[in-house]
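The values are calculated or read from the model by the stated rules, or taken from the named source; none is laboratory data. What you see is a predicted model, and the numbers here were worked out from it, not measured in a lab. Backbone-built Cβ (ideal geometry, glycine too); neighbour counts: all protein chains shown. Just so you know, the surface numbers come from the protein's heavy atoms only, side chains and all, with ligands and any DNA or RNA stripped out. Shrake-Rupley method; radii C 1.70, N 1.55, O 1.52, S 1.80 Å.
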Amino acid sequence: MTRTMVALDLETTGLDSSSDAIIEIGAVKFSGDEEIDVFDELINPGRKIPPYVTQLTSIDNEMVSTKPSIHDKISELKNFVGNAPIVGHNIQFDLKFLSKYNLFQKNDRIDTMHLAACVLPSAARYSLGSLAMQLEVKLPATHRALDDARVTFAIYAKMMSMAKDIPSNIVMELLRLSRMNKGVEWGADLPLDKLLDERQKEFPGQLQENIDLYNFDELAPESEALRPRDDDNKEELDISELEALFSPNGLLSKNLDNFEHRVEQIEMMRNVAKALSHPRHLLAEAGTGIGKSLAYLAPAIKWACTNDERVVVSTNTINLQDQLINKDVPVLDEVLDMPFRAVVQKGRGNYICPRRFDILRKRGPNNATEMNVLAKMLDWLTTSATGDRSEINLSGPGEHAVWRQISAEDENCTQGRCTTEISGGCPFYRAQLKAKSAHLVVVNHALLLADAASENHVLPEYKYLIIDEAHHLEDAVTNGLSFAVRQIDFERLLKNLANRKSGLLKQLIKGVSADATRKHQMKKDVDEASDSIENVLIHSESFFKALKKFAQYQDSNSNSGYDRRLLIKAESRNSSEWAGIEIVWENLHNTLTSTIERLKGIRDSYNKAVGQDSDEGEELQSNIVSIIGKLNSFDDRVHGLVTEAQDDRIVWIHLSNDGNLL
């Protein structure tokens with residue numbers, strides 16, 4: 001028998017349940033796909049409704065002036081809902097307001113935001129309106145409680161139908177994860193449990209459906225690595241043959257809808273072909289609408305295939321990358337008379353690390369945000385052939401922070417380790433291998449510059465480069481090759497490390513709790529490191545104060561009302577004010593290097609306790625290594641900026657419009 005549930009939504013005077021009030025309650029009682037009854041009441045909040053709330057909901061002060069208070073409707077609402085599970089979109093928001101009246105403390109709750117993480121991992125957005133549009137649920141123009149409750153009921157019903165396609169072993173894994181750690185309230189637990197129970201009744205004994213998570217075979221290279229030739233015996237491009245492609249009756253016109261013959265496009269193609277055939281630099285300005293991407297891709301691909309070369313194309317935006325690989329390259333694959341290989345190459349942080357993801361699964365989620373990311377990953381990984389996070393959507397800074405825990409952007413990730421521990425199944429390394437066999441590699445400006453900064457250790461070897469959206473390159477260079485120091489970031493890193501209740505150092509002590517002697521020594525080392533960090537924070541405050549004082553003294557436009565960049569010139573470094581900065585930096589430098597050495601000792605002790613290559617404590621090991629690296633980088637770079645003037649470096653201080661240091 002289908003269980004009766006209640007979809008609930010509130011409209012309120014604001015977002016703070018401790019100080020704001022309810023102005024409308026809407027609820028829909030339903031069973032399966034059938035609406036049974038509704039509860040629809042305006043509530044007098046006993047205060048003025050803010051104008052922005054009226055604009056959003058169309059509920060004004062006059063509409064609620066004669067309506068009952070929430071106290072007059074508590075009993076009626078309680079009787080309407082009873083013991084039924086409550087369904088809502090971000091339901092914790094609504095229940096916090098109702099908890100002040102001791103309502104529904106023991107009712108099961110279902111959150112459609114959490115359920116969406118399971119069935120719609122690639123949704124563009126997870127607001128109620130966005131999900132309704134994606135699921136083709138009619139969305140009323142008004143933002144009212146009953147309307148939103150009905151929409152919540154409708155998207156819940158549709159998502160439960162979609163959830164039937166989730167493999168049983170994935171459903172069981174989601175339920176296991178959601179119940180691992182107490183205190184994690186995840187609003188998709190109940191519907192998934194119901195789904196599993198229904199399958200058990202329909203197909204008794206047939207739940208062990210094994211769907212592999214990691215299916216990255218598509219990333220396997222199609223051939224051996226392409227090694228650009230060193231000789232000068234290159235075959236020139238046949239420009240007339242390329243011109244025929246772009247002619248009014250050419251192959252492009254037959255394979256492209258709305259194809260237009262453009263003189264400018266052909267002229268650009270000719271110049272690109274000549275620049276490749278007779279190696280020289282080419283600077284081309286291409287106006288909107290001339291079809292520049294095909295104008296450079298056609299000769300580039302033809303050149304690479306003819307001469308066993310690789311051409312790298314760098315863009316500024318993801319949209320252009322997608323256009324090149326998903327639209328333009330397939331067209332050229334149809335019209336060029338030779339097979340070629342084209343790939344997009346991205347940085348480490350774009351790919352999931354199966355080893356780190358499995359560690360998170362073993363540890364279990366600490367909160368609903370981590371559980372939502374786990375749900376998205378588990379659904380996505382059953383079908384993903386790339387492990388590229390662009391295939392899913394992560395919402396907000398919380399989910400992006402979880403991604404950083406499971407991406408291949410990790411100090412402990414090496415090709416040798418991944419080959420050994422996950423049998424070469426790392427999507428990042430597989431993507432790298434595929435790029436090494438490709439004729440055309442599409443990257444963004446940031447990765448191109450990272451390759452330059454690493455002396456060509458990021459991208460496969462290449463001799464020919466096309467930079468599209470080149471007008472953004474200067475900004476990309478500034479962003480990609482700059483090192484920014486911010487007091488708030490540096491001190492937050494240290495405070496999070498040394499927090500005596502939940503900091504990383506505290507967690508390391510727990511990690512060696514099985515050995516009393518080691519735990520005692522670890523606690524002693526951690527206490528000393530924490531004291532050392534306190535000293536670093538004191539000297540950090542002094543250092544940044546000195547920088548601010550120097551900048552304000554040097555700045556002649558301190559009252560301009562705009563953010564400013566103050567260039568540090570050679571004459572500035574010869575001033576008595578800069579000498580003061582060098583003194584306070586020396587104090588910070590000495591305490592920081594001492595702290596780093598203490599942290600290295602703690603890292604080594606922890607590794608001995610749990611094992612260097614053990615999954616136990618892997619996340620903590622990775623985090624301490626990462627923090628030590630960041631602190632070392634801060635110390636090395638700032639020491640050079642303060643004490644060593646170099647002609648190839650530009651140093652500036654950024655001041656906000658109020659004169660505060662950025």
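Tabulated data
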| read-out | value |
| --- | --- |
| Pairs, first of a type in the set (Val, Ile, Thr) in the stretch 636-655, second open to solvent by 60 Å² or more (accessible area, probe 1.4 Å), C-beta under 8 Å, six or more apart | VAL642/GLU582; THR643/GLU582; ILE650/LEU567; VAL651/LEU567; ILE653/ARG565 |
| Residues satisfying the stated conditions in the stretch 98-118, i.e. open to solvent by 70 Å² or more (accessible area, probe 1.4 Å) and without any contact (Cβ under 8 Å) to a residue 40 or more places away in the chain | ASN102, GLN105, LYS106 |
| Residues of the stretch 170-183 satisfying the condition of being in contact (Cβ under 8 Å) with a residue 60 or more places away in the chain and part of a helix (DSSP H, G or I) | ILE170, GLU173, LEU174, LEU177, SER178 |
| Of all residues making up the stretch 474-516, the number that are open to solvent by 40 Å² or more (accessible area, probe 1.4 Å) and more than 23 Å from SER633 (Cα to Cα) | 11 |
| Single residue of the stretch 582-595 satisfying the filter (among the hydrophobic types (A, V, I, L, M, F, W, C) and buried (at least 19 other Cβ atoms within 10 Å of the Cβ)) that is nearest to the chain's Cα centre (by Cα) | LEU592 |
| Output for the stretch 338-372, where each listed residue is open to solvent by 50 Å² or more (accessible area, probe 1.4 Å) and either closer than 16 Å to ALA401 by Cβ or polar (S, T, N, Q) (or both) | ASN350, ARG363, ASN366, ASN367, THR369 |
| Pairs, first under 17 Å from ILE325 (Cα atoms) in the stretch 456-472, second part of a loop (DSSP other than H, G, I, E, B), C-beta under 7 Å, six or more apart | GLU469/ASN316; GLU469/THR317 |
| Residue list for the stretch 19-41, restricted to those being surrounded by 16 or more Cβ atoms within 10 Å (Cβ to Cβ) and not in a strand (DSSP E or B) | ASP20, ALA21 |
| Members of the stretch 79-131 that are farther than 30 Å from THR383 by Cβ, among the hydroxyl-bearing types (Ser, Thr, Tyr) and assigned to a helix (DSSP H, G or I) | SER99 |
| Only one of ASN181, ASN169 that is modelled with pLDDT under 95, of a type in the set (S, T, N, Q) and surrounded by 16 or more Cβ atoms within 10 Å (Cβ to Cβ) | ASN169 |
| Any hit, the stretch 196-216, residues being hydrophobic (A, V, I, L, M, F, W, C), out of contact with any Leu (no Cβ under 9 Å at 6 or more places or on another chain) and at pLDDT 75 or above | no |
| Evaluation of LYS254 against (1) under 23 Å from LEU465 (Cβ atoms); (2) open to solvent by 90 Å² or more (accessible area, probe 1.4 Å); (3) in contact with a helix residue (DSSP H, G or I) (Cβ under 9 Å, 6 or more places away or on another chain) (one fails), failing number | (1) |
| Subset of the stretch 184-204 [touching a residue at least 40 places away in the same chain (Cβ under 8 Å), out of contact with any Asp or Glu (no Cβ under 6 Å at 6 or more places or on another chain) and either farther than 22 Å from LEU381 by Cβ or open to solvent by 10 Å² or more (accessible area, probe 1.4 Å) (or both)] | VAL184, GLU185, TRP186, LYS194 |
| Residue that is surrounded by the fewest Cβ atoms within 10 Å (Cβ to Cβ), among those in the stretch 537-571 that are at pLDDT below 80 and in contact with a Ser or Thr (Cβ under 7 Å, 6 or more places away or on another chain) | ASP563 |
| Condition met for ASP525 (among the acidic types (Asp, Glu), assigned to a helix (DSSP H, G or I) and within 32 Å of the chain's Cα centre (by Cα)) | no |
| Residue tally, condition over 15 Å from the mean Cα position of the chain (by Cα) and more than 16 Å from LEU381 (Cα to Cα), over the stretch 333-371 | 20 |
| Number of positions in the stretch 313-332 that are surrounded by 14 or more Cβ atoms within 10 Å (Cβ to Cβ), assigned to a helix (DSSP H, G or I) and touching a helix residue (DSSP H, G or I) at 6+ places or on another chain (Cβ under 9 Å) | 8 |
| ALA220 being modelled with pLDDT under 70 and open to solvent by less than 90 Å² (accessible area, probe 1.4 Å) | yes |
| Selected residue (criterion: surrounded by the most Cβ atoms within 10 Å (Cβ to Cβ)) from residues of the stretch 42-78 that are part of a helix (DSSP H, G or I) and touching a Lys or Arg at 6+ places or on another chain (Cβ under 8 Å) | THR57 |
| Hits in the stretch 473-499 - residues which are part of a helix (DSSP H, G or I) and modelled with pLDDT under 85 | THR478, ASN479, GLY480 |
| Qualifying residue in the stretch 125-136 (condition: free of Cβ contacts under 8 Å to residues at least 24 places away in the same chain and either closer than 23 Å to SER18 by Cα or in contact with a Lys or Arg (Cβ under 7 Å, 6 or more places away or on another chain) (or both)) | no |
| Close pairs (6 angstrom Cβ cut-off, 6 or more residues apart or separate chains): basic (Lys, Arg) in the stretch 541-555, at pLDDT below 85 and not in a helix (DSSP H, G or I) anywhere | LYS548/LEU661 |
| Near pairs, Cβ below 8 angstrom, 6+ apart or cross-chain, from the stretch 287-299 (within 22 Å of LEU237 (Cα to Cα)) to any residue that is crowded, with 20+ Cβ neighbours inside 10 Å and among the small types (Gly, Ala, Ser) | PRO299/ALA273 |
